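Remarks on the structure that follows.
What follows is calculated from the coordinates using simple rules that are stated; it is not laboratory data. A quick note: this is a predicted structure, and the numbers were derived from the prediction, not measured. Positions of Cβ are backbone-derived with ideal geometry, glycine not excepted, and every protein chain shown enters the neighbour counts.
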Amino acid sequence: MMDWSLTKPGEVVKLLCDRLRKERLSKQMTQAEVAARAGIGVNTVSNLESGKNVGFENVVRVAMVLGRFRELEALFKPKVETLDDILRYEKSLKRQRIRKRTDDAE
């Protein structure tokens, strides 16, 4: 498993785009086939594979077509390993507002 802690965001994008392309090819699918099944344009699939900016929904659509939705679903899943983690997570579900800072130095 790769340690991504010191990896730059651009390098992560490049690696994931390369993996996406390899996954598509391993399933013997063309960009056009993925695009048609995902309901997006071929250019969008091409842009995604080359690391160009595409909407997150398009990433989700392609992940679903390639059968990789479970991995994507786990992306922001909360880590709840202890009772304290569970309580902290449940508390965070309540709506919270961040108060704006006020400048008192006028």
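Pick from the stretch 58-90 the residues that are within 15 Å of the chain's Cα centre (by Cα) and of a type in the set (Asp, Glu): which of them is surrounded by the fewest Cβ atoms within 10 Å (Cβ to Cβ)?
Glu71
Tally up the residues in the stretch 19-57 that are free of Cβ contacts under 8 Å to residues at least 24 places away in the same chain, over 13 Å from the mean Cα position of the chain (by Cα) and either exposed (fewer than 13 other Cβ atoms within 10 Å of the Cβ) or in a helix (DSSP H, G or I) (or both), please.
The number of residues fulfilling the criteria is 19.
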